[in-house]
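Contents: one structure, followed by commentary.
The values are calculated or read from the model by the stated rules, or taken from the named source; none is laboratory data. Everything numeric in this text was worked out from a predicted model, so none of it was measured. When we count neighbours, we look across all protein chains shown, and the Cβ atoms used for this are built from the backbone with ideal geometry, even at glycine.
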Amino acid sequence: MSRLGALSLAGGVMLVSACGGGASAPTTLAVEATGSGKESKVKAPGSIEGGLVEFEFKNSTKQPQDAQLIRTEGNHSVGEVLKIVGGQEGGPIPDWLQDGGGVGETPPGKTHSATQNLAAGKYYLVASSEEGKPATAAIEVKGGSEGELPKTSASITAREYTFETSGLKSGRNEVLFRNAGQQLHHVVGLPLLPGKTLDEVKKFVGETGQGGRPSGPPPFDEKGGFSTTVLDGGVEQVTDLDLKPGRYALICFIQDRTGGPPHVMKGMVTEVDVK
Ligand SMILES: [Cu+2]
C-alpha cells in the first residue's frame, strides 16, 4: 500500500509563468534508475539549464519506480527531504520544500517523460519504488528560458478537492496535468473492479489509513493503475500515462500543507471512464 501513502510531499509555490514565445527547444534531463528495487541507484546530471525541460526517466530496475523532483530553498540535506517524503503520513509540509514535479510511476524497462518549466534552484531527485529505500540525486538548475508546453488532446486538472479530465483514452496518452489549486496534488489512477463505487474506495482508504486493517479486499486493481508525481499549486506539466479501457478512480493522497488527512478523505476522488 505504499503507493497510497508514501507520497506525502513538498510545499510552497513554484511560480512558473507561460511566456509568449515558446519557440525554444526544451533542455533534456536524462535520468536512469538502475539496480534492484531494494538497492537501486539513480544517475542524473549534477546541473542542467532550466526553463523548459523534458525530463526522461529510464527505469532499468525490476520494480515500478517514479522520479519526483523537489526544489529546496535554503540549506537542507537530502536526509531532511526524505524525512518528509517518506515520513509520517499527514504531517505538515515545510515551506522550504517546493515541488518541482518529475515523472510518475514508470514500469520496469520503460522510459516515461514529463515536460515542464523548471525555475532555477537546488533540486533533489527522489526515485522510489514500493520496496527499498529511495535513490536520490542532487541537481542544480540554472537560468534557462521558459517555453510553451507541447499541445495535448488529454488533460487532468487538480484543485481542492476535485479532478477534471478531458480526452483520456486507452493506450499511451500525452496528458496535460495541471494543478490549478493552492495545495499540492497528484493523481493516482486505480482501475475500479466491476460493480465497485467511489464510496467503497473512500471506505477502503479510510480503513487502511494510519496503518489500519480493511474490512474487505480493495475495490480496485492495486497493480493496474498509474500515478503522477506531486505538483504544487500553479504548476503544470505534460506527461505520459498508459491507460486501459474501463473505469478508474482518480485519487489524491496528499495532505494540506498544514497537515491533516489525505485529500481523498476530503472527497478528492473522481471516476473517469476511459474508452
Ligand atoms: Cu491533493
Exercise. Those residues that are assigned to a loop (DSSP other than H, G, I, E, B), touching an Asp or Glu at 6+ places or on another chain (Cβ under 7 Å) and among the acidic types (Asp, Glu), I need them from the range 215-245; list them, please.
Key: 232
Self-check item: Given (1) surrounded by fewer than 15 Cβ atoms within 10 Å (Cβ to Cβ); (2) under 15 Å from residue 31 (Cα atoms), index of the condition residue 106 fails
Solution: (1)
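Scanning for something aliphatic (A, V, I, L, M), closer than 27 Å to residue 94 by Cα and part of a helix (DSSP H, G or I), does the range 199-214 turn up at least one residue?
Within the range 199-214 (the criterion being aliphatic (A, V, I, L, M), closer than 27 Å to residue 94 by Cα and part of a helix (DSSP H, G or I)), the answer is yes, since at least one residue qualifies.
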Exercise. Taking residue 156 as the residue in question, decide whether it is more than 21 Å from residue 29 (Cβ to Cβ), under 14 Å from the mean Cα position of the chain (by Cα) and within 16 Å of the ligand (Cβ to nearest atom).
Key: yes
Exercise. Give me a count of the residues in the range 239-275 that are away from the ligand (no atom under 14 Å from the Cβ) and out of contact with any helix residue (DSSP H, G or I) (no Cβ under 6 Å at 6 or more places or on another chain).
Key: 14
Quiz item: Can you tell me which residue in the range 174-185 is surrounded by the fewest Cβ atoms within 10 Å (Cβ to Cβ), limited to those that are closer than 11 Å to residue 163 by Cβ and more than 7 Å from the ligand (Cβ to nearest atom)?
Solution: 180
Exercise. Being free of Cβ contacts under 8 Å to residues at least 60 places away in the same chain and β-branched (Val, Ile, Thr) is the filter here, so list the residues in the range 76-112 that pass it.
Key: 81, 106, 111
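Per-residue answers, yes or no, for (1) free of Cβ contacts under 8 Å to residues at least 12 places away in the same chain; (2) within 18 Å of the chain's Cα centre (by Cα); (3) not assigned by TED's automatic domain parsing to the domain that holds residue 66:
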position	(1), (2), (3)
137	no, yes, no
162	no, yes, yes
166	no, no, yes
171	no, no, yes
177	no, yes, yes
181	no, yes, yes
Practice problem: Take the residues in the range 186-198 that are part of a strand (DSSP E or B) and within 16 Å of the ligand (Cβ to nearest atom), then tell me which one is nearest to residue 264 (Cα to Cα). | Solution: 188
